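The structure appears right after this line, and notes come after that.
The values are calculated or read from the model by the stated rules, or taken from the named source; none is laboratory data. Keep in mind the model is a prediction, meaning the values are calculated, not measured. All Cβ positions, glycine included, derive from the backbone under ideal geometry; neighbour counts span all protein chains shown. When the accessible area is computed, the model is the full protein with side chains, heavy atoms only, and any ligands, DNA or RNA have been set aside. Shrake-Rupley method; radii C 1.70, N 1.55, O 1.52, S 1.80 Å.
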Amino acid sequence: MKKTTLAAAISAVVSSSILLPLHAQESTSSLQTTDVMLVTATKRTDPVTNLVTPIIEITKKQIEDSQANSLTDVLQQLPGVQLSSNGGYNQPSRIYVRGSSDVLVLFNGVRLGSATLGYSDVSQVPLAGIEKIEYLRGSRAAVYGADASAGVINIITRGNNKETTGSVQATGGSNGYQSYTASAAMVPSDKSWVNITAQYQNSDGYDVATFGDEDRDGFENSNFVADWGVQLDDNWLIRMNGYYHQGQTEYDYNPAWGISSDQNKTNNYSFNGQVIYTTERFVSNLTLGNSQDKSKTQHNIPSSQTVTQRNQLTWRNSYQLTQVDSLGFGAEYLNDDVSDSDTVYEVQERDNKAAYLTLGHDGDVLQLEGSVRFDDNEQFGDKTTWQLGAGWQFIEALRLTTNIGTGFKAPTFNQLYYPGFSNPDLQPEESTNYEVAIEGEHSFINWRLAGFYNDIDNRISCQSAFSTCINDSLTIQGVEWVGNFNTGLLSHQVSLEYLDPEDKATGKDAIRIARENFKWQVGYQAEVWQANVSYVYQGKRYDTGDVRLDGYSLVNLAASYNLTNQWVLSARIDNLFDADYETAANYNEPERSYYGSIAYQF
């Protein structure tokens, strides 16, 4: 099996953002699951497949080969992921994992998102400058806290490079799309590094909605990503990194909303500093992060802005007790402040203090992990979450795993106080997530079959802008099969998922969640060129008011050719068969689109 290197630690080891960066081997060309390797604090190498919870790593090479223009392009290819979007690139997009939107998005281990929306709009997170993305599905709230009940996505920038390199790339495509990216990796000394990436994007767009003005809804973005670090000695490392995003997106307003704004400006950033101490058996990471999520609507009415300022202090530690046993512990402080918003919320700031403990056993036959976390939310009081997992390698090629975890999510400021649909009596959402799986590792195929059940009580439900948010209950049960195999020179990743997301009160499906999901990616890698074909099928789903959204199939093609060692020419076709589909009612997804790019590396 192809192996990559993951400078990370999950669960009882350490958060993936706190170990020293290592160099990964080149992986296969398509966005597929490889047999990832985990480097622990003892400097020994253990396979991530010994962890109970599924994890996938998407490398920079895989992202480049897919020719993705945005983070949503990458995420929609992953097993268990569904996206709902208000119409194409740069329009508001929400991610669901296994039918739940309780997904935590991290940037180098620091949480992103809006305290008013309650989730991270992944359309506004830049893909430029990203070294890899780690995707973990299943409950991890007992380590990462609120919003991690369904999964965790950690976006990681480039770290400790050993040589000076650079690249420039220009991309053009349908609807007047343009993108220009420049990056540089520098080595000021043998113990330090600096990485910088700048990107500019714009598009004339297309008419994203079936209502409002019949016009093009374009966008313009500027992104800047930076990472700096210095290895002080064999034990101490200091690292600073972050991103800045400034954008403007046009959209169609609905007269029923009673407003006439049709432009949205965003000004988002996330910056953090880390101090990392490492010995043969112990790793400690102290991270201080600050982020902003700022959105301002404007045009024919006075502008209205919503701002989240978030400060976070995290301390994570791992100690290797024995060759197979590990102990993890840490603490976290999080403060959300929305006082700079134009809306005057009854409560404008709140903090959350937390501490957690994890234990892990990583034997050849038996793997165990357990976590417990205590949260003290300023507004909603104490909450304890926990997670237990076990793996049994009953024969060399097969392993049986089971996992159970609890989670919670506090109501957002909008859900509690925004005029028109808020409800100040909302209670925190609570969930219990169960999974049983069997996985196989053979010479011709690697696969995993999992059944899962997510019981969500006091689910915070805001069906529309015209109805009051309420607490209700939801169950999501499903089965998932993921496989990776090769046929000659072709590599394949296949995932199949069936969900039953039932609203307990009505017996109806949860909105914007398809029951059937099928994804197939095929990659071919030659000496000077490579090609990818991806297929995505998602079944019918329902939106607010029992509006049915038909199922759809998408086929995307991508190919690139190495003109020389420095020059690369690429082309891509999205939605090859021009499917007409929506992931949110009355919002048009893009028609068939063409893209071409040229890149120079030095």
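Label positions at Trp567 and Ile438, each projected 7 Å from the Cα along the C-beta direction, are separated by 5.5 nm.
Peptide packing for 331-343, 554-566 was compared via the average number of neighbouring C-beta atoms within 10 Å per residue; ordered from the highest value, the list is 331-343, 554-566.
When nucleic acids and ligands are ignored and a 1.4 Å probe is applied, Arg459 ends up with an accessible area of around 40 Å². Accessible surface of the chain, 1.4 Å probe: 55 percent of it comes from carbon and sulfur atoms.
Near Gly172, once Lys and Arg are set to +1 and Asp and Glu to -1 for all other residues with Cβ below 13 Å from its Cβ, the sum equals 0.
Taking GluC sites (Glu not before Pro) across the stretch 367-435, the ones in a DSSP loop with at most 10 further Cβ atoms lying within 10 angstrom of their Cβ are Glu396. For the pair the stretch 354-425 / the stretch 578-602, the C-alpha centres are spaced 36 Å from each other. For the stretch 398-458, the relative contact order comes to 36 percent (Cα pairs under 8 Å, sequence separation of at least 6).
Give the accessible area for Asp234 in Å² (nearest 10); use a 1.4 Å probe, count only protein heavy atoms, and leave out ligands, DNA and RNA. Estimated to the nearest 10 Å², Asp234 gives 140 Å².
From largest accessible area down, sort His361, His492; use a 1.4 Å probe on the protein chains.
Output order, biggest surface exposure first: His361, His492.
From the coordinates of this entry, P(r) over Cα pairs in 20 Å bins from 0, in percent is computed, and it appears in (i) 17, 47, 33, 4, 0; (ii) 20, 59, 21, 0; (iii) 15, 37, 31, 14, 3, 0 under the label (ii). Accessible area per residue for the stretch 234-364, computed on protein heavy atoms with a 1.4 Å probe, is 45 Å².
Accessible area per residue for the stretch 370-483, computed on protein heavy atoms with a 1.4 Å probe, is 44 Å².
The alpha carbons of the stretch 304-452 stretch over 61, 32, 25 Å along the principal axes, in descending order. Ranked by the mean number of other Cβ atoms within 10 Å of their residues, highest first, the peptides 541-549, 95-103, 186-194 fall in the order 95-103, 541-549, 186-194. The stretch 305-352 and the stretch 261-279 have Cα centres lying 13 Å from one another. On the basis of the beta-carbon distance and an R0 of 30 Å, Val344 and Asn311 show a calculated FRET efficiency of 0.90.
May I ask you to derive the FRET efficiency for Thr164 and Gln298 from their Cβ-Cβ distance with R0 = 35 Å, giving the value to the nearest 0.05? Approximately 0.25, to the nearest 0.05.
Relative contact order, percent, of the stretch 131-225 when contacts are C-alpha pairs under 8 Å separated by at least 6 residues?
Relative contact order for the stretch 131-225 comes out at 19 percent.
If you model the stretch 88-175 as an ellipsoid using its alpha carbon gyration tensor, with each semi-axis the square root of five times an eigenvalue, the axes come out at 26, 19, 11 Å, biggest first.
Counting charges near Glu435 (Lys, Arg +1; Asp, Glu -1) among other residues having Cβ under 14 Å from its Cβ returns a value of 0. Counting only protein chain heavy atoms and rolling a 1.4 Å probe, the accessible areas of Leu366, Leu104 rank, largest first, as Leu366, Leu104.
Computed per residue of the chain from DSSP H runs no shorter than four, each worth -39500 (n - 2.57), the mean residue ellipticity at 222 nm is -500 deg cm²/dmol. For the pair Tyr277 and Leu400 in one chain, pulling the backbone fully straight at 0.36 nm per residue adds 40.7 nm over the alpha carbon distance.
Taking other residues whose beta carbon is less than 10 angstrom from the beta carbon of Thr385, and scoring Lys, Arg as +1 and Asp, Glu as -1, yields +1. With the simple spin-label model, which puts each label point 7 Å out from Cα in the Cβ direction, the Thr468 to Lys508 separation comes to 1.9 nm. Give the relative contact order (percent, whole number) for the chain; include only Cα pairs under 8 Å separated by 6+ residues. That works out to 12 percent.
Binning the alpha carbon pair distances of the stretch 155-203 at 10 angstrom intervals from zero yields the distribution 24, 38, 25, 11, 2, expressed in whole percent.
Based on the Kirkwood approach, the hydrodynamic radius assigned to the stretch 354-416 is 14.0 Å, with every pair of different Cα atoms included. Solvent exposure of the stretch 537-602, expressed per residue, is 53 Å² of accessible area, with all protein chains present and a 1.4 angstrom probe. Each of Asn290 and Leu489 was given a label point 7 Å from its Cα along the Cα-to-Cβ line. The distance between the two points is 5.4 nm.
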